[in-house]
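Participant: The following block contains the structure, expressed as structure tokens.
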Amino acid sequence: MHELAVTESILQIASEHASKAGAKKVTDVYLVLGRLSSIVDDSVQFYWDALSEGTICQGAQLHFERIPAKMACLDCGTSFELPGELILCPKCQGGHVKVITGDEFRVDSIEILQESGENL
Amino acid sequence: MNTLRVPVVEKILNANDQLAEQNRRRLDQAGTFGINLMASPGAGKTSVILQTIRRLAGSTRIGVIEGDTAPVTIDADRVISAGMPAVQINTGGDCHLDAVMIANGLNQIAVDQLDLIIVENVGNLICPAAFQLGTHTNVLIASIPEGDDKPYKYPNIYRGIDVLILNKIDLLPYVRFDMDYFRKGVEILNPGVKVFPVSCASGEGFDPWLDWLRAKLSKE
Ligand SMILES: Nc1nc2c(ncn2[C@@H]2O[C@H](COP(=O)(O)OP(=O)(O)OP(=O)(O)O)[C@@H](O)[C@H]2O)c(=O)[nH]1
Ligand SMILES: [Mg+2]
Ligand SMILES: [Zn+2]
């Protein structure tokens, strides 16, 4: 798994945006991850605790919002959620399907502490 | 002190994607076509590369970037023995190649003198799918002994490919492999993707793959 590389990127993105906003400290990082991205939350949290030490992000809480993998059948119009592995349309057994959600993979926002008065 | 929520909305692998863009521009400037070759360990990545080199050697200058998790040069040595330049990239245990490693690889090979660069990614069906390299096309090798259920178990890698090479078809008489079931999974994930069944052992099936490749090279 590539959780280490992913966590490094999250730290870089969060730190960059925090400095730009004049943060003293980052308290929370909000992530949005689709179910189709094969990332294990616990591993990211583990690497995060180690990597963020001594940075502006030290001690920040990671929040994972998981978006379900939703598919739509292009033949009969049924929408359905993937249970984890790939399945055919549960209604017509067709394989003509499209991904609606589940590919999300982003840092959505961060929560920071600022010196009072710097907030414009 | 006050608390403030700052919107970010940035793709996590944005930095990698941007470097991949730079790699792509570099290949384009050199007029070199780039392939990202992915597969599970032992599916036949190096075998397909060697067959391809053997058959195109007269007309095409091919370089290979070999990604391995350990500092071994077995695969790179085979390419060099076949008469083409190769660089070995040691990922230091990482499960995939990324755009930084490819940028380093491109520094070690005479890109300008090549028509084609094949990147042999680390043997893995999960992680390489997430990292763009800047190559022009993603090729996946599946092989008969891996089983017919792989598209269902590793959907992400099947979704992002342009070409699927199905290797080791010489083993079909000996291994239970439901071709219809396999093809249906591929079709769900990647409708209309090019599929080339081949055997590196017998050489069967290579012509359609090479025709496809030649057509790409003549455009580049
Ligand atoms: N029967 C048969 N064996 C094959 C075929 N292609 C490759 N092999 C064998 O499969 C094994 C692995 O082949 P490689 O080309 O080294 O596979 P790879 O994907 O490069 O392996 P790694 O780099 O270690 O991940 C070797 O023993 C090959 O001889 C084929 O078409 N048929
Ligand atoms: Mg190999
Ligand atoms: Zn349906």
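Participant: Treating the beta-carbon of each Lys and Arg as +1 and of each Asp and Glu as -1, no other charges, what is the dipole magnitude of chain A about its Cα centre, to the nearest 20 debye?
Facilitator: Working: 9 positive and 18 negative charges, 85 e Å.
Using Cβ point charges on Lys, Arg, Asp and Glu, chain A gives about 400 debye.
Participant: Of all DSSP beta bridges located in the protein assembly as shown, what percent are antiparallel, nearest 5?
Facilitator: Details: 24 of 60 bridges.
For the protein assembly as shown, the DSSP antiparallel bridge percentage is about 40.
Participant: So what are the ³J(HN,Hα) numbers for the stretch A:17-26, from phi and the Karplus equation (6.51, -1.76, 1.60; θ = phi - 60°), rounded to whole Hz, Gly and Pro as x?
Facilitator: For the stretch A:17-26, the Karplus curve yields 5, 5, 5, 4, 8, x, 6, 7, 6, 9 Hz.
Participant: Could I ask something else about it? Please tell me the relative contact order of the stretch B:141-187 in percent, rounded to the nearest whole number, where contacts are Cα pairs under 8 Å and at least six residues apart.
Facilitator: 59 percent
Participant: Rounded to the nearest 500 deg cm²/dmol, what is the calculated helix-only ellipticity per residue at 222 nm for chain A, with -39500 (n - 2.57) per DSSP H run of length n ≥ 4? Walk me through the intermediate numbers first.
Facilitator: On the way: 2 runs with 29 residues, N = 120.
It comes out at -8000 deg cm²/dmol, rounded to the nearest 500.
Participant: Let me ask something else. What is the spread of the Cα atoms of the stretch A:2-114 along each of their three principal axes, largest first, in whole Å?
Facilitator: Here the spans come out as 55, 24, 16 Å, largest first.
Participant: If chain B were replaced by its equivalent ellipsoid, with semi-axes equal to the square roots of 5 times the Cα gyration tensor eigenvalues, what would those be, largest first, whole Å?
Facilitator: The equivalent ellipsoid of chain B has semi-axes of 28, 24, 16 Å.
Participant: Please tell me the relative contact order of chain B in percent, rounded to the nearest whole number, where contacts are Cα pairs under 8 Å and at least six residues apart. Show your work: numbers first, answer last.
Facilitator: Working: 406 pairs, mean separation 53.4, N = 220.
It comes to 24 percent, rounded to a whole number.
Participant: Note down the relative contact order for chain A as a percent, whole number, built from C-alpha pairs under 8 angstrom at least six residues apart.
Facilitator: About 37 percent, as a whole number.
Participant: Size of the dipole of chain B about the Cα centre, Lys and Arg at +1 and Asp and Glu at -1 on the beta carbon, nothing else charged, in debye to 20?
Facilitator: That gives chain B a dipole magnitude of about 280 debye.
Participant: Using a/c under 1.5 as the rounded threshold, could you call the stretch B:1-78 rounded, prolate or oblate? The axes a ≥ b ≥ c are square roots of the C-alpha gyration tensor eigenvalues, and prolate needs a/b larger than b/c, oblate otherwise.
Facilitator: prolate
Participant: Which listed residue (B:VAL72, B:HIS96, B:ALA39) has the Cα farthest towards the positive end of the charge dipole for the stretch B:1-99, taking +1 on Lys and Arg C-beta and -1 on Asp and Glu C-beta about the Cα centre?
Facilitator: B:ALA39
Participant: Taking a quarter of the surface of the Cα convex hull of the protein assembly as shown, what do you get in nm²?
Facilitator: 19.8 nm²
Participant: Calculate, for the stretch B:129-174, the solvent-accessible area per residue in square angstrom, rolling a 1.4 angstrom probe over the heavy atoms of the protein chains.
Facilitator: Dividing the accessible area of the stretch B:129-174 by its residue count gives 34 Å².
Participant: Once you've got the Cα coordinates, tell me which of B:LYS45/B:LYS194; A:LYS20/B:LYS11; B:LYS194/B:LYS219; B:LYS11/B:LYS216; B:LYS11/B:LYS219 are over 21 Å apart.
Facilitator: From B:LYS45/B:LYS194; A:LYS20/B:LYS11; B:LYS194/B:LYS219; B:LYS11/B:LYS216; B:LYS11/B:LYS219, over 21 Å: B:LYS11/B:LYS216; B:LYS11/B:LYS219.
Participant: Taking K and R as +1 and D and E as -1, what net charge do the other residues with C-beta under 11 Å from the C-beta of B:ASN138 add up to?
Facilitator: 0
Participant: Turning to a different aspect of this structure: When the Cα atoms of the stretch B:98-202 are enclosed in a convex hull and the volume is divided per residue, what value in Å³ results?
Facilitator: Taking only Cα atoms, the stretch B:98-202 has a hull volume of 116 Å³ per residue.
Participant: Taking only the Cα atoms of the stretch A:69-120, how large is their convex hull per residue, in Å³?
Facilitator: Looking at the stretch A:69-120, the number lands at 115 Å³ per residue.
Participant: When Cβ neighbours within 10 Å are restricted to other protein chains, what is their mean count per residue of peptide B:187-198?
Facilitator: Working: counts 2, 10, 4, 0, 5, 0, 0, 0, 0, 0, 0, 0.
Whole-number average of other-chain Cβ neighbours for B:187-198 is 2.
The values are calculated or read from the model by the stated rules, or taken from the named source; none is laboratory data. Not measured: the values here are computed from a predicted model. Backbone-built Cβ (ideal geometry, glycine too); neighbour counts: all protein chains shown. All accessible areas refer to the heavy atoms of the entire protein, side chains included, with ligands and DNA or RNA removed. Shrake-Rupley method; radii C 1.70, N 1.55, O 1.52, S 1.80 Å.
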